[in-house]
Amino acid sequence: MTLIARSLGLAAAAATALTLATAPVRADFINVLTGGTSGVYYPLGVALAKIYGEKIPGARTQVQSTKASVENLNLLQQGKGELALSLGDSVKLAWEGNEEAGFKAPLSKLRGIAAVYPNYIQIVASKDSGITSLDGLKGKSLSVGAPKSGTELNARAIFGAAGMGYGDLGKTEYLPFAESVELIKNRQLDATLQSAGLGVASIKDLATSVPINVVAVPESVVTALGAPYIAATIPAGTYEGQSEDVPTVAVVNFLVTHDGVSEETAYQMTKLLFENLPELVAAHSAARAISLDNALNGMPIPLHPGAERFYKEKGMM
């Protein structure tokens, strides 16, 4: 090899090395699937996307408003999102492939990140409707959430456990939270059933606009429901005009991903979730219930290997 050829070869090698050294780190795209903008999923999703965008090197994040649990899980299975919030009963039914719940086949690609906070089933009626109990909903109009949403699955379960059905209602509406509230304000709807964290914006808005009754779900219904449902209480003062504690039922929410997300990304998503809880609480008070101690409670699907690595480091597995 001539001296000139050798020099050219060395220069080319040096240029290649420089290109590799200065090439940008591969960017991970994290689309966070949430729910309606007036619910709890959306502000928490926005907070998580901000945390991940700032603290995962090279990550690009996006927040997508959806119809919540059922849609989120189907989108994850299709690879159209990297992280989603979903109700525990929806996750369980998705893994099993329950067609009636909106899952045409088992969603085998789903993987768990963490249990987060409980959704409280909150049944709220205008005071003018005269509804003060579950039985009082008979013959009245009720919105049960978007069709086959996590909220609507909760509504079906509660009515079944109470020995009731949609046929007992005067009218059943399948509407998102904000639209349900607007109809109640306009006296076109008697009540709304919303599965969300305490202090959800939609019910706060309703309670400051018209007098309301928060309807109790009796313990007998909770017992009939069984797992993953648990007894819960909506504390007095959660909403304007609510002067007493109201017993109800709750179901835990989960953060879920899929098996196509890299181990490192899932590890970082899990780790940063628990390292930045104050930011999540600032986004919505429901996040106060998120705790590392409860992160694996009732997980209905296999953990993602990245999440598993984090919990092993914490001595939880």
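The values are calculated or read from the model by the stated rules, or taken from the named source; none is laboratory data. The model shown is predicted, which means the values in this text are computed figures rather than measured ones. Heads up, the Cβs are rebuilt from the backbone with ideal geometry, glycines too, and the neighbour counts pull from every protein chain shown.
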*asked:* Regarding the range 163-174, can at least one residue be identified that is at pLDDT 95 or above, more than 19 Å from residue 100 (Cα to Cα) and buried (at least 19 other Cβ atoms within 10 Å of the Cβ)?
replied: yes
*Can you tell me which of 287, 282, 231 is assigned by TED's automatic domain parsing to the domain that holds residue 50, among the small types (Gly, Ala, Ser) and in contact with a helix residue (DSSP H, G or I) (Cβ under 7 Å, 6 or more places away or on another chain)?*
287
*Could you tell me whether the range 7-29 includes any residue that is at pLDDT 95 or above, buried (at least 16 other Cβ atoms within 10 Å of the Cβ) and not acidic (Asp, Glu)?*
no
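Per-residue answers, yes or no, for (1) over 30 Å from residue 65 (Cα atoms); (2) of a type in the set (Ser, Thr, Tyr):
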{"position": "143", "(1), (2)": "no, yes"}
{"position": "147", "(1), (2)": "no, no"}
{"position": "156", "(1), (2)": "no, no"}
{"position": "164", "(1), (2)": "yes, no"}
{"position": "168", "(1), (2)": "yes, no"}
*Odd one out for residue 226, checked against (1) surrounded by fewer than 17 Cβ atoms within 10 Å (Cβ to Cβ); (2) not assigned by TED's automatic domain parsing to the domain that holds residue 180*: (2)
*For residue 275, work out the one condition from (1) at pLDDT below 95; (2) assigned by TED's automatic domain parsing to the domain that holds residue 73; (3) not aromatic (Phe, Trp, Tyr) it doesn't fulfil.*
(1)
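Test residue 209 against the criterion of being touching a residue at least 12 places away in the same chain (Cβ under 8 Å), over 19 Å from residue 232 (Cα atoms) and either buried (at least 19 other Cβ atoms within 10 Å of the Cβ) or under 25 Å from the mean Cα position of the chain (by Cα) (or both), and give yes or no.
Values: touching a residue at least 12 places away in the same chain (Cβ under 8 Å): yes; over 19 Å from residue 232 (Cα atoms): yes; either buried (at least 19 other Cβ atoms within 10 Å of the Cβ) or under 25 Å from the mean Cα position of the chain (by Cα) (or both): no.
When the stated conditions are applied, residue 209 does not pass them.
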*Consider residue 156 against the criteria (1) in contact (Cβ under 8 Å) with a residue 60 or more places away in the chain; (2) over 24 Å from residue 245 (Cβ atoms): it satisfies all of them except one. Which criterion is unmet?*
(1)
